[in-house]
1. Dividing the alpha-carbon Rg of the range 114-202 by 2.2 N^0.38 Å yields what?
2. Taking H as built 1.01 Å from N, whose amide H comes closer than 5 Å to the amide H of Asn217, not counting residues under 5 places away?
3. Nearest 500 deg cm²/dmol is fine: what mean residue ellipticity at 222 nm does the chain get from its DSSP H runs of n ≥ 4 alone, each adding -39,500 (n - 2.57), divided by its residue count?
4. Give me the net charge of Val262's neighbourhood, meaning all other residues with Cβ under 11 Å from the Cβ of Val262; Lys, Arg count +1, Asp, Glu -1.
5. Find which of Leu94, Leu111, Ala151 sits farthest along the positive direction of the dipole of the chain, computed with +1 on the beta-carbon of Lys and Arg, -1 on that of Asp and Glu, about the Cα centre.
6. Among the aspartates and glutamates, which fall within straight-line cross-link reach of Lys299, defined as a Cα-Cα distance under 19 Å, with same-chain neighbours fewer than 8 residues apart omitted?
7. Mind sorting Val33, Val351 by how few other Cβ atoms lie within 10 Å of their own Cβ, fewest first?
8. For the chain, what is the percent of antiparallel DSSP beta bridges, rounded to the nearest 5?
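Quick note: the coordinates plus some simple rules give every number you see, no bench work behind them. In this text, all values refer to a predicted model and were calculated from it rather than measured experimentally. Counting neighbours? That spans all protein chains shown, and the Cβs are built from the backbone with ideal geometry, glycine included.
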Amino acid sequence: MSESDLSSLKIDKKTAGYRPPRLRKRLTLCGIVLAVIVLLVAAWRMFSVTTVETVTVSQIYPSQSFTILNASGYVVAQRKAAVAPKTTGQIEWLGVEEGSRVKGGQLLARLENRDVTANRDSAAASLDTARANLDQANAELIDADRAFTRARQLVDAGVLSRADFDTAEARLSRAKAASKALAFSIKSAQAGLAAADAALEYTMIRAPFDAVVLTKNADVGDIVTPIGAAANAKAAVVTIADLASIQVEADVSESNLAKIKVGQPCEILLDALPDARFRGVLYTIVPTADRSKASVLVKVRFIDIAPGILPEMSAKVAFLEREVKPGEQSPKTAVPQEAMVKRGGRSSLFVLKGDRVREVSVTAGEKIGDLVTVLSGVKAGEVIVSRPPENLGNGAKVKLAEKK
């Protein structure tokens, strides 16, 4: 090949990178259009509003997976008393308030009792007088006995007449009868003193057993009566309850009665203490039904009684298939399974923050019914999207769906 032919094969550097003006304009226009599309998509995601349903991240207990039946009821003290006096009177002293802890036999209140006290003092004085008279009669009996002994000796010796001997014998008989009568009078005086003591004790209002004062129904100066029928009179002074005897009384439907039995393990949840669950056991099934409610009353006993459990608190009872194991007593964070989203091999939830959502990666645990436990990422009380749409992204603006 000649040199002229080789020179014709050389590339002109001036024309190697040359592009027609029309092509450059097209490429520039495509780039601008692509950028606008990206911005529009971002703006749409930023400013468009997606309607979503939300749920709250909750805490559940493992026992919910082996709960047979749930029932509602109230905490009831099995030993409860409205303490009232045995006699009508005016309260002179009151020594307890609501919440006071009292022992059995402890004095709670005292009625005005000056007249009763005077009667008691009179009965005590009568007893002392009877005892003194008996002592005097016994001394007379001893003297009469000695005189009779001497008279008998003298009459045997022929020194004393028979008439004088009979007089000594009669005196001894009278002394014995007087001593015996005074002994009975002492018993009568003792009975009178016991009655006076009882009447005085009636003015003392005492606790019948160890308990806590629930309500104070009267105060110093009030007139109280056992019946409470008199005008402006009150019956019970205080109402007390033995907190060691508290149980949960709940209604179980007749149709569910076959699912429970005496001795069955239970868990008790109190509305006043929502973060605690108490171990219980089905204590008794009352052998009668309520025809108006088609239910049967059951009583669940607390195994562990904690401070803060009070009578008349609302309670829920879960009847369990088995006892709760030690590792199953702590609550776990859980969310509905339908709220969990899997993208790129990881699980995430959409947490509601104001009017926008934030995608949060979470670590899922075991399933309990329709719920999935969450080991990390969210905490109880946070609001999440229930069924997030496929196009829902991080930072998207949302609004809550109206509840039907």
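1. Its radius of gyration relative to the 2.2 N^0.38 Å reference: 1.62.
2. Distant-sequence amide H within range of Asn217: Val238, Thr239.
3. Numbers: 5 runs with 122 residues, N = 404.
Roughly -10500 deg cm²/dmol at 222 nm, from the helical runs in the chain.
4. Values: positive: Lys261, Lys299, Arg301; negative: none.
Spelling it out: positives minus negatives among the neighbours equals +3.
5. It is Leu94.
6. Asp242, Glu249, Asp251, Glu254, Glu267, Asp271, Asp290, Glu312, Glu321, Glu323
7. By the 10 Å Cβ count, ascending: Val33, Val351.
8. 95 percent
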